[in-house]
């Protein structure tokens, strides 16, 4: 995870790549999500066990309201293989079928067209602009489940 979250390409639309210590804090945050909510971000691997990245469900504030978000990161060498889209769609289905969620969002940087394509492939469309994150404006795509 430190390599993934510390990768400059992966973290292009974040304030900065994460240090090893920040990646450890991210893991601890994710473990807390599992303890509190029973879900979080999962490790994504190929069928033969090759690490791909992460994808999963976390609660995020969007304009002050908590919303269930699907998040995803994939190693750059594996981009353009539909892995993030497949994982995000599985998370969408899990949110609907197992958690009984009524809505799902993806929060992304307005210039992150690749992430937007992943969200759109899961059926999401623009629902809001968020002004409460680490960047001035975040695009929020969503789908009613």
| Test: residue 93 is at pLDDT 95 or above and farther than 20 Å from residue 120 by Cβ | no
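Out of the residues in the stretch 79-122 meeting the condition of being outside any helix (DSSP H, G or I) and in contact with a strand residue (DSSP E or B) (Cβ under 6 Å, 6 or more places away or on another chain), tell me which one is nearest to residue 46 (Cα to Cα).
Quick first cut of the stretch 79-122, residues outside any helix (DSSP H, G or I) only: 79-82, 98-112, 122.
Among the residues that remain, those that are also in contact with a strand residue (DSSP E or B) (Cβ under 6 Å, 6 or more places away or on another chain) are: 101, 103-108, 110.
On the way: 101: 27, 103: 28, 104: 25, 105: 25, 106: 23, 107: 25, 108: 25, 110: 29 Å.
Top of the filtered list is 106.
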| task | Quick one: in the stretch 1-50, of everything that is touching a helix residue (DSSP H, G or I) at 6+ places or on another chain (Cβ under 8 Å), touching a residue at least 60 places away in the same chain (Cβ under 8 Å) and over 27 Å from residue 101 (Cβ atoms), which residue is surrounded by the most Cβ atoms within 10 Å (Cβ to Cβ)? | result | 7
| task | Select from the stretch 14-25 the residues that are under 16 Å from the mean Cα position of the chain (by Cα) and modelled with pLDDT of 95 or more and write down the one among them that is nearest to residue 80 (Cα to Cα). | result | 17
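Could you tell me which of the residues 82, 86, 120 is free of Cβ contacts under 8 Å to residues at least 60 places away in the same chain and at positive phi? So that I can check it myself, show each step before the final result.
Working: 86 fails: at positive phi; 120 fails: at positive phi.
Matching residue, one of 82, 86, 120: 82.
The values are calculated or read from the model by the stated rules, or taken from the named source; none is laboratory data. Everything quoted here is computed from the prediction, not taken from an experiment. A quick note on method: Cβ atoms are made from the backbone with ideal geometry, for glycine too, and the neighbour counts reach across all protein chains shown.
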